[in-house]
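Following: one structure in structure tokens, then a few remarks.
Throughout, read-outs are computed from the coordinates displayed, never taken from laboratory work. Small disclaimer: the values here were computed from a predicted structure and weren't measured. Glycine also receives a Cβ, built like all others from the backbone with ideal geometry; neighbour counts cover every protein chain displayed.
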Amino acid sequence: MTSKPSPAITTTYSPTPSSKKTRPDVDWVRPDSRGFHQCRPAFFRTAAVNAAAGSAYAEFGNTKVIVSVFGPRESKKAMMYSDVGRLNCNVSYTKFATPVRNQEADCKELSLMLHKALEGAILLETFPKTTVDVFALVLESGGTDLPVVVSCASLALADAGIMMYDLVAGVSVASLSKKNLVIDPVQEEESSQDGSLMLTCMPSRYKVTQLTITGEWSSANLNEAMELCLDACSKLAKIMRSCLKDAASLAAQE
Amino acid sequence: MVGLSLGEKHFIKGGIDQNIRSDGRKRDSYRPIFVETGVIPQANGSARVRMGATEVIASVKAELGRPSALHPDKGKVAIFVDCSAVAEPTFEGRGGEELSAELSVALERCLLGGTSGAGAGIDLTSLIVAEGKICWDLYIDSLVISSDGNLLDALAAAIKAALANTAIPKVNISAAASGDEQPEVDISDEEFLQFDTSAVPVIITLTQVGRHYIVDATSEEESHMSSAVSISVNRKGHICGLTKRGGEGLDPSVVSDMISVAQHLSELLMSRLDSEISAAEAEGGDEEL
Amino acid sequence: MEFVNPEGLRLDGRRPMEMRQLRAEIGAVARADGSAVFEMGNTKVIAAVYGPREVQNKSQLSNDQALVRCEYTMANFSTGDRKRKPKGDRRSTEISLVIRQTMEACILTHLMPRSQIDIYVQVLQADGGTRSACINAATLALADAGIPMRDLVTSCSAGYLNSTPLLDLNYLEDSAGGPDVTVGFLPKLDKVTLLQMDAKLPVDIVENVMQLAIEGCKAIATYIREVLLENTKQLEYRRGL
């Protein structure tokens, strides 16, 4: 790395539940001995790839993701004229990202989801006729991959100087047996979850850009989970913002 | 998509604001739903669903297979959606693939529940024949024949009807094999098991146009959408899955509001669909007699 | 295997020169310019026509005639054993081409220069003779779209098994490995526009089998005419004429 690395930030955060409930099962311990509502420490660093217009690296526990952004540049495919810019997203896994080799099949869907989560936040009309490419590579998959990819990609877009309404932060919640909600599940928890809720939002504008739910949820549970996610998103965005600020102040010093 | 002039756009939007849409419906009313079952004789179950000019076919095929090592007590279900070029010229060649992928992922999310299998519309444990050895693999193939918006809701309704129409042959394990040996099976030609579809949810897509949201949008209305949320609700009124489509951000309170609206509407849709399915089934039964 | 039993009946109970039950319906796809469902026994196909409209790919534009395109696809559930085939395999590309050429020959393409007509056929159930059924469905859909044609082209197949010429083969007879003659026919002009055959057939019998297929085409043409007439009467009635 030729450029001076931006300062490393490792912070853990946890949403504050609005209604303090008594924990029904205190005997349950999470695999990495976190609290139910405690997220994994988030580490972000911008300018991770020199060749790209903007890039970011994110590490949430064992989940490690690198995203590079290229453009705005000429659309590769000779497509029809468009007075708004295009966003092209691609998510891929390294061969060694998972314990079992090969995870090709999933990526098309993840790419689609990443695109949907980001497109609402970007001012596409600021780069007409051109394309911005977002390439995300999951170096190691440790659970909750997509939200990490989304957060990291929005940071990379900001690093590339693409105009956005706000940073996009993503958080997911898993509902485990006995109706326990755990935030930011690791792979082990994800594989045994009864349901999951993934939410990406723009915290300053208070807008949800993407939301997916699987499994059976009652309204009360759903509302609790959404509140948790929204709160965690705003805290995550603060960390992301401070990472950008630090990188900028470092650049100004030089 | 649909090419609309500015005037047409204003007309549609204005109508929605005043709670009367171009075809005379209210914001929260559906187009008439027609259900026909048993349309594909080779399949174990099939149905055709028509909502206005949207028409889809779903078929269920059951094949004997081996359960996966991770879940020895569960059968497997795979959902595929194909968008025929017949419905829309842009689906020609590989043109429909992206939409097909989006729809099949959304359907899987809404019907198959969490990774542990809780809250699934289809009870996977009921597909097991011999634990760890033989299970039924259900292949749900659906095809979009005519598209005029609201494909996801129509597909979910068609799958529900097709599952209600599904008869899985009774399997007798003839020789009790020991250890790892694959037991011999005897598939009955006469005895069939009816599939329990009471837990299969319905999907309700709420499309946001301006400040309001509408159900069962036509493709003209869909071309207007800033965002749409597809919510699947089961008989108990619980949410079984949710997918947001369209890029624009939504206020969290709007999302919560949409969910409660969907829960309310699901009761009506569910009972309407149930009566349509049972009517279609009764009609199919008469023909056989 | 015995395809014609001593009583002279085929596997599905038909006589050698008997066609399967035909059923046609016009206007199955609401948003298409023309569409039709065509059934021959258990074979069921749906065809939709879009156009004449602006040419999408400008390099294919022709100044003196319309561009005719065709795509043939089979639904996953159309065959007995479920297979997920990729789109655009060799077989469907070939059938698309056959249908396109057959339809192009009967459409008055010179009347619609600088435009494009898309024909999409989708097989819902396959039980032999899908290409014939597709051509028949496409004819109806083109007629429904009001596209000017020389004649209503129809198609039917015939085979030769157990030393008996058989009309309109079903899947079992088709896969027996015997000869299969598919004919596309313009009934008014009395001309053959499509002729395909596989496997081998003695020269003196070819004529015979082909004639049988042509008779089949004529019967289908009569039926298609009836359906179109009925449809027109309905339209007239709805207009209050």
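Tally Lys and Arg at +1 and Asp and Glu at -1 over the other residues with C-beta under 12 Å from the C-beta of residue A:171: what net charge comes out? Neighbourhood net charge equals -1. Qualifying trypsin sites (Lys or Arg not before Pro) in the stretch C:78-121, where qualification requires a DSSP coil assignment and no more than 12 other C-beta atoms within 10 Å, comprise C:83, C:84. When each full DSSP H helix of chain C is screened for a Cα extent of at least 20 Å along its own axis and an average Kyte-Doolittle hydropathy of at least 0.0, the helices passing are C:130-144.
Grab the DSSP H runs of chain C that are 4 residues or longer, score each as -39,500 (n - 2.57), total them, divide by all residues and round the 222 nm result to the nearest 500 deg cm²/dmol. Could the numbers behind the result be given before it?
On the way: 4 runs with 73 residues, N = 241.
Only helices count here, giving -10500 deg cm²/dmol.
In percent, rounded to a whole number, the relative contact order of the stretch A:97-207 is 26, using alpha-carbon pairs under 8 Å and six or more apart. Across the stretch A:32-253, Cα pairs under 8 Å and at least six residues apart give a relative contact order of 21 percent. Taken along the Cα-to-beta-carbon direction at a fixed 7 Å, the label points for residue B:235 and residue A:32 span 4.1 nm. Across chain B, the relative contact order, built from alpha-carbon pairs under 8 Å that are at least six residues apart, equals 20 percent.
Taking the alpha carbon gyration tensor of chain A, what are the square roots of 5 times its eigenvalues, largest first, to the nearest whole Å? Kindly include the intermediate steps, with their values, before the conclusion.
Values: eigenvalues 188, 78, 66 Å².
Its equivalent ellipsoid spans semi-axes of 31, 20, 18 Å.
Which FRET efficiency value, to the nearest 0.05, is calculated for residue C:191 and residue C:93 with the Förster distance at 45 angstrom and r the Cβ-Cβ distance?
Numbers: r = 26 Å, r/R0 = 0.58.
In this case the efficiency is close to 0.95.
Looking at the stretch A:85-178, which trypsin sites (Lys or Arg not before Pro) are DSSP coil and have at most 14 other C-beta atoms within 10 Å of their C-beta? Within the stretch A:85-178, the qualifying trypsin sites (Lys or Arg not before Pro) (loop, at most 14 other Cβ atoms within 10 Å) are A:95, A:101, A:129. Quick one: helix A:219-253 against the long Cα principal axis of chain A, what's the angle to the nearest 10°, folded into 0 to 90? Orientation of helix A:219-253: about 40 degrees from the principal axis. Between the Cα long axis of helix A:145-159 and the first principal axis of chain A there is an angle of about 30°, rounded to the nearest 10. Stokes-Einstein, applied to the Kirkwood radius of the stretch C:75-187 over Cα pairs at a viscosity of 0.692 mPa s and 37 °C, places its translational diffusion at 212 µm² s⁻¹.
Using alpha carbons only, the radius of gyration of chain B set against its Kirkwood radius gives Rg/Rh = 1.01.
Between B:248, B:276, B:102, the GNM of chain B built on Cα springs shorter than 10 angstrom shows B:248 fluctuating the most.
Just to be sure I follow the definition: excluding the sites themselves, where is the longest run in chain A that has none of the chymotrypsin sites (Phe, Trp or Tyr not before Pro) in a DSSP loop with at most 12 other Cβ atoms within 10 Å? So the longest stretch without any such site is A:97-254.
From the Cα gyration tensor of the stretch C:1-133, with a ≥ b ≥ c the square roots of its eigenvalues, which class applies: rounded if a/c is under 1.5, or else prolate if a/b is larger than b/c, or else oblate? Don't jump to the answer; show the numbers that get you there.
Details: a/c = 2.36, a/b = 2.02, b/c = 1.17.
Cα axes put the stretch C:1-133 in the prolate bin.
Among C:119, B:16, rank each residue by its count of other Cβ atoms within 10 Å, from fewest to most, as a rough exposure measure. Display every interim value, and only then the final one.
Working: C:119 32, B:16 24.
Sorted ascending by nearby Cβ count, the order is B:16, C:119.
Which FRET efficiency value, to the nearest 0.05, is calculated for residue C:225 and residue C:59 with the Förster distance at 35 angstrom and r the Cβ-Cβ distance? Computed FRET efficiency for residue C:225 and residue C:59: 0.35.
Computed from label points 7 Å out along Cα-Cβ, the spacing between residue C:79 and residue A:125 is 5.1 nm. In chain A, the calculated helix contribution to ellipticity at 222 nm averages -9000 deg cm²/dmol per residue, counting -39,500 (n - 2.57) for every DSSP H run with n ≥ 4.
Can you list the DSSP H helices in chain B whose Cα atoms extend at least 20 Å along the helix axis and whose mean Kyte-Doolittle hydropathy is -1.0 or higher? All intermediate terms of the calculation are to be shown ahead of the outcome.
Numbers: long enough: B:97-112 (22 Å, 0.57); B:151-165 (21 Å, 1.43); B:252-288 (51 Å, -0.08).
What comes out of the filter, once short or polar helices are dropped, is B:97-112, B:151-165, B:252-288.
Taking a ≥ b ≥ c as the square roots of the Cα gyration tensor eigenvalues, the stretch A:94-163 comes out prolate, since a/c reaches at least 1.5 and a/b is larger than b/c. For the pair residue B:260 and residue B:185, label points projected 7 Å from Cα toward Cβ lie 4.8 nm apart.
With q set to 0.13, 0.15, 0.20, 0.21 Å⁻¹, the log10 of I(q)/I(0) for the stretch B:47-195, from the Debye formula over equal scatterers at the Cα positions, is -0.65, -0.81, -1.17, -1.24.
Between helix A:107-119 and chain A there is an angle of about 80 degrees, using the helix long axis and the longest principal axis of the Cα atoms. Computed over the protein assembly as shown, the range of Cα coordinates on each principal axis works out to 93, 72, 55 Å, biggest value leading.
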